[in-house]
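Chemist: Before I ask anything, let me first share the structure, which is written out below as structure tokens.
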Amino acid sequence: MTFNFINLFRNIAMLSFMAIFSTNTFAEQGLFWKAESPNSKPIYLFGTIHTDDNRVTNFAPSVKAALQSVDVFMMETLAPNDPAVFMMQNNLSDLLTEQELDKVHALAEFHVMHREAALHMKPWLLAVVFDSPRPLTPFAQDNLLMALAEDLGKQVIGIEDTQEHFGVMDSFSLDEQLTMLRAVLKRSDAEKQRDFDRLISAYLAGDSDKIAALDDSITGGMLSPDLWARMRTKILDERNKVMAERVIDEAKRKAVFVAVGASHLAGEGGLIASLKKAGYQLHAIK
């Protein structure tokens with residue numbers, strides 16, 4: 001089967017590395033919110049999880065009604081036109097041990113990737129691919145939301161441009177990216193499936209305690225405390241501020257539906273708190 005970079009993107013790259021590895025605790029219970037302000041058009045905020053699992057892709061009527069009512073659908077970023085954004089000049093054959101390469105070859109076959117493509121892919125992105133279940137379809141939850149918006153004739157825009165989105169993880173050194181990849185290569189299939197099932201259950205329940213525990217045990221346990229702390233800052237804290245500003249600016253003119261990784265909703269710097277600080281009244285939509 002021919003390896004397709006755009007399909008790869010649609011399967012893994014619209015959400016951040018962290019949104020796939022883990023989902024942080026929510027500031028309040030709920031994944032779907034409506035934010036209203038006298039000085040703004042409505043904002044619908046939907047926390048996503050990037051999988052095609054049908055437990056999260058059968059959308060409630062309230063989600064479809066919200067999409068119908070808005071002018072603009074906003075997601076973290078749109079698909080890049082140039083597949084080079086996924087690739088590096090180095091070859092993993094020169095960077096990994098023979099045992100690690102054997103694992104890369106096996107996982108590339110499992111995820112229907114050409115070996116040569118896998119060996120030249122940026123290690124952080126390869127880590128995301130290999131730590132995710134093999135998708136059964138090219139339509140993950142966020143992709144389906146985008147498709148629904150397009151079918152409804154809504155404008156679709158990225159909150160970040162391609163360079164911003166991928167530049168976050170590209171800012172980590174090659175050695176740090178290899179550390180991320182090696183951490184994934186050490187995980188067994190059973191561990192990945194177990195953690196995926198636990199994450200899905202926590203996502204469906206909106207259980208903040210469970211999600212926080214998963215965050216620490218899965219992602220925090222895979223990386224050093226320093227690397228994990230810097231990833232959190234770059235992936236969440238810094239990006240959340242920019243995302244909130246751009247969503248609020250867009251909502252001055254048009255009603256928007258915002259679909260971002262659920263990890264971006266939570267905490268003092270999350271989108272929920274940022275919208276409240278900006279004067280919005282929020283309520284969860286069941």
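The values are calculated or read from the model by the stated rules, or taken from the named source; none is laboratory data. Owing to the predicted nature of the structure, the values given are computational and were not obtained by experimental measurement. Every residue, glycine among them, receives a Cβ derived from its backbone with ideal geometry; neighbour counts consider all protein chains shown.
For every residue, the table says whether it meets (1) basic (Lys, Arg); (2) assigned to a strand (DSSP E or B); (3) modelled with pLDDT of 90 or more.
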| position | (1), (2), (3) |
| --- | --- |
| Thr2 | no, no, no |
| Asn7 | no, no, no |
| Gly30 | no, no, no |
| Trp33 | no, yes, yes |
| Ala65 | no, no, yes |
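To keep it simple, each residue is scored yes or no on (1) among the aromatic types (Phe, Trp, Tyr); (2) under 30 Å from Arg246 (Cβ atoms).
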site: Leu78; (1), (2): no, yes
site: Asp94; (1), (2): no, no
site: Met113; (1), (2): no, no
site: Phe130; (1), (2): yes, no
site: Pro133; (1), (2): no, no
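Chemist: Looking at Leu236, Leu265 in this structure, which one is touching a strand residue (DSSP E or B) at 6+ places or on another chain (Cβ under 6 Å) and either within 29 Å of Leu148 (Cβ to Cβ) or without any contact (Cβ under 8 Å) to a residue 40 or more places away in the chain (or both)?
Modeler: Result of the check over Leu236, Leu265: Leu265.
Chemist: Let me ask something else about it. Is there a residue in the range 73-91 that is of a type in the set (Asp, Glu), part of a loop (DSSP other than H, G, I, E, B), modelled with pLDDT under 95 and more than 17 Å from the chain's Cα centre (by Cα)?
Modeler: There is at least one residue in the range 73-91 that is of a type in the set (Asp, Glu), part of a loop (DSSP other than H, G, I, E, B), modelled with pLDDT under 95 and more than 17 Å from the chain's Cα centre (by Cα).
Chemist: Going through the range 260-286 one residue at a time, which ones are surrounded by fewer than 24 Cβ atoms within 10 Å (Cβ to Cβ), touching a Phe, Trp or Tyr at 6+ places or on another chain (Cβ under 9 Å) and in a strand (DSSP E or B)?
Modeler: Correct list: Leu282, His283, Ala284.
Chemist: Next up: Just to check your reading of the model, which residue among Val129, Val112, Val104 is part of a helix (DSSP H, G or I), of a type in the set (A, V, I, L, M) and modelled with pLDDT under 95?
Modeler: On the way: Val112 fails: part of a helix (DSSP H, G or I); Val104 fails: modelled with pLDDT under 95.
Step by step, each of Val129, Val112, Val104 is checked, and only Val129 is part of a helix (DSSP H, G or I), of a type in the set (A, V, I, L, M) and modelled with pLDDT under 95.
Chemist: Kindly list the number of the only condition in (1) in a helix (DSSP H, G or I); (2) loosely packed, with under 14 Cβ neighbours inside 10 Å; (3) β-branched (Val, Ile, Thr) that fails for Thr179.
Modeler: Every listed condition holds for Thr179 apart from (2).
Chemist: Can you go through Arg198, Arg230, Arg246 and tell me which one is under 28 Å from Gly153 (Cα atoms), surrounded by fewer than 18 Cβ atoms within 10 Å (Cβ to Cβ) and modelled with pLDDT of 85 or more?
Modeler: On the way: Arg198 fails: under 28 Å from Gly153 (Cα atoms); Arg230 fails: under 28 Å from Gly153 (Cα atoms).
Answer to the check: Arg246.
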